[in-house]
Every structure is written in structure tokens, then in C-alpha cells.
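Undergrad: Before anything else, here's the structure in question.
The values are calculated or read from the model by the stated rules, or taken from the named source; none is laboratory data. Nothing here was measured: the structure is a model prediction, and the numbers come from that model. Note: ideal-geometry Cβ built from the backbone for every residue, glycine included; neighbour counts use all protein chains shown. Just the protein is used for accessible areas: all its heavy atoms, side chains included, with ligands, DNA and RNA removed. Shrake-Rupley method; radii C 1.70, N 1.55, O 1.52, S 1.80 Å.
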Amino acid sequence: MTHSHARLRTLCVALCLGLASQAAAAADPVLVIHGGAGLERKDVTPQDEAAIRAALTLALEKGHAALAAGKPALDAVTAAITVLEDDPLFNAGKGAVFTHDGKNELDASIMDGATLRAGAVANVHHVKNPILLARAVMEHSPHVMLVGDGAEVFAKEQGIELVDPGYFRTERRWKQLQEALKEDAAGGQAMRDPEATTKHFGTVGAVALDAQGHLAAGTSTGGMTDKRYGRVGDSPIIGAGTYANGQCAVSGTGWGEFYIRVAAAHEICARMAYLHETPAQAGEAVIIKQIPALGGDGGAIILASDGSAALPFNTEGMARGWIGSDGVPHIALYSGDPLPLPDAAKAP
Ligand code: ASP
């Protein structure tokens, strides 16, 4: 890059940031989270259900505490996702699903809507909280995405907590892999039917609006059970599984190949920007129509800068919830479960 290019770039960054901060107005903070689409009643015991609800509540409360303290949306997203990564019930961090050859390979990404900065990691296998490493990539490297061993070397340099790969193993996920391997033997991995694939979801994600009116989004996952060594899904792909800008923040969960093919998270934000759709309308178009029409499934959480939100999904369940400035958590698991939505800010 030449010197004049560099000066031009500095000017552009200053202008863009100026525009972003002009656009943002004081807001009532909101945090929306998901604990994965593909939840099926037949697989969830009453004890599991209580534990899922408790974990979502804790994640919401941790994120809300950050927002209530005046911290940025990024902090709320990181706090909520870290709680869910540490809980073995979810397919992220501890409790991640297994690859075909019996390993855990973790993916995560985060994006700051105020600056369009983003960070992502894929195929890490020693990083306790991949969302913290994604954030470190965003904040302490000139890059957006680091993968595999290179990501782990960077984690070490950054003082991010590393664990033995055995830390991620849970019996529940190991059994799911054994079932999937049996299905492979019976029918072939490439064409496994979506019904069988769906039950392995459980990714976690969060989107937040802070008191300054800035948005952020993040997603963390173990991917899909029985995935090939080296497979990367949508969750760490900016624009596919995660996206945030000045008007919109999205985290997706579902059959990642389809989310990548439709650039789902960015597509939702683009529809809101260019077609002036609400989160519910954009979610309906992408999650309820476009992805299933291609043969995929899943859900998303969508938050707009006016505080309005949508949590669409096309599976039987999606663990989900939100918390506003009153600090009352709202949680739902299955389709049809009542869930009041945050109100859009009243126009001044
Ligand atoms: N989207 C994730 C992936 O494909 C899986 C999930 O959401 O559960 O890796």
C-alpha cells in the first residue's frame, strides 16, 4: 500500500466512524440470545429443559449486567456466549459435537456494528472459549479470521485459556456421534436426511444493543455432528452466521452450508437496509422461505437499532430468550411457546 493510499484509508475510516456515531442514538439496551435451533421435545428430558432455561437465564443476566453498567454491546455478547460455551448442554465450548473421526473442532465469530470490525476463528481444539479468541483476533490482530494451529498460536500469545481436548468431551455428544456413524453405515454421510441432521444443532449466539445505540453480534459452535475433519460451517463466516452494522445484528443457527450459500446474516441486514423490512419480515424471507426452499433448516436472532427484534426458526424448537432494560429474562424453547418481543423505540 502506498503512502497516499494509507492517508486515504485513514480519512475513510474517520468519515465512516463519524457517520456510524452520528447515526447511533441513545437507546434502551436489549440482549437477545439463542442456544441453537433443532431442539426436539423427544430428546429433551424435564431436567434438561430446566437446565437449558437456567443456563439461558444466567447468560441473559450476565449480558444484562454488562449493558446496565454502560458497557458496549460487544461486552454483553461476549459475556452471554461465554456462559453458554461453559455449559455442557450446548454445542459450543464444552459440550461441542464430534467430528467424524471423534474430535471437537470449534468455530466462533464476533462483529461490532458500530465500526464493522470483525473477528473469527475456525477449527480450534484447545481454546476453552472460542468467542474470546474471535474477539482477540478482532481487537489485537490486523486480520478477520484465523484457523487451526495458527489460531491456537495466536491464542497462546494473547493469554487466552487453553485446555486439553478432553475438556470438550461429553457422553451425550459422543453417543450422538455413534448414532450418526450407524446412519452413515446404513445410508451414506453425504445424503443424510435433514431430520437426522437437525437434532445435532445447539450452537449459541447473541445480539445486543447498548445504551449508546450500538449493535454487536456473536456466534459460537462445535459445528455439526459427524462433520468431516476441516469442515467449516457458517458460524465463523462473517455475513453467513454472524453480521452486525449500524442498523442490524444477526446470529444464525442451523445447517451451516445453506447459511453460507445465502449469506444469511448479511442477507437479513441487507433486506432491512434496502427493502426497509422489519426484523420479522427479513427473518421470514430468509429463514422461513429462502433456506428451506434450498433444503436447509435452522433459525436466527435479529435485532434492529430501534430495539425491535425477531427470533424466527423453521425447526420444532430453538432455545431462545431476550432481556431488556428492566432486567426481566424472557425465554422460550419450542415453536408456539409464548414469547413477548421487545418494543421498538417510539419515534421521537
Ligand atoms: N450452524 C452450525 C454449523 O453449521 C450448526 C448449528 O447452528 O448448530 O456449523
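Undergrad: Is the C-alpha gyration tensor of the stretch 269-348 telling us rounded, prolate or oblate? Criteria: a/c under 1.5 is rounded; beyond that, a/b larger than b/c is prolate, otherwise oblate.
TA: Oblate.
Undergrad: Where nothing but the Cβ of Lys and Arg (+1) and of Asp and Glu (-1) is charged, how large is the charge dipole of the chain around its Cα centre, in debye to the nearest 20?
TA: Around 500 debye, computed over the chain.
Undergrad: If you don't mind, another one. List, in the order given, every pair from LYS94/LYS289; LYS42/LYS182; LYS42/LYS175 whose Cα-Cα distance in the structure shown is over 25 Å.
TA: LYS94/LYS289, as the Cα separations exceed 25 Å there.
Undergrad: In degrees between 0 and 90, to the nearest 10, how far off the longest principal axis of the chain does helix 171-187 point, with axes built from Cα atoms?
TA: 70
Undergrad: A further question follows. So how do 63-69, 28-34 stack up, highest first, on mean other-Cβ count within 10 Å?
TA: Ranking, from highest mean packing down: 28-34, 63-69.
Undergrad: How far is the Cα center of the stretch 66-106 from the Cα center of the stretch 111-145, in Å?
TA: The two parts, judged by their Cα centres, are 13 Å apart.
Undergrad: Which value in deg cm²/dmol, rounded to the nearest 500, describes the helix-derived mean residue ellipticity at 222 nm for the chain, given -39,500 (n - 2.57) per DSSP H run of n ≥ 4 and division by the residue count?
TA: It comes out at -11000 deg cm²/dmol, rounded to the nearest 500.
Undergrad: Put LYS227, LYS175, LYS71 in order of accessible area, largest first, 1.4 Å probe: what do you get?
TA: Largest accessible area first, the list is LYS175, LYS71, LYS227.
Undergrad: Additional query: For MET145, tell me the accessible area in Å² from a 1.4 Å probe, rounded to the nearest 10.
TA: Probe radius 1.4 Å; accessible area of MET145 about 80 Å².
Undergrad: What residue among ALA185, VAL144, ALA216 has its Cα farthest toward the positive end of the dipole of the chain, where the charges are +1 on Lys, Arg and -1 on Asp, Glu, each on the Cβ?
TA: Final value for the positive-end residue is VAL144.
Undergrad: Using Cα positions and a limit of under 12 Å, work out the aspartates and glutamates in reach of LYS62, with same-chain residues fewer than 8 apart set aside.
TA: Filter leaves ASP75.
Undergrad: Provide the three semi-axes, in whole Å and in decreasing order, of the ellipsoid equivalent to the chain as defined by the square roots of 5 times the Cα gyration tensor eigenvalues.
TA: Value: 30, 24, 19 Å, ordered largest first.
Undergrad: On full extension of the chain, what length is gained from LYS289 through VAL328, given 0.36 nm per residue of separation minus the C-alpha to C-alpha distance?
TA: 10.8 nm
Undergrad: Rolling a 1.4 angstrom probe over the protein chains, ignoring ligands and nucleic acids, what is the accessible area of ASP75 in square angstrom, nearest 10?
TA: 40
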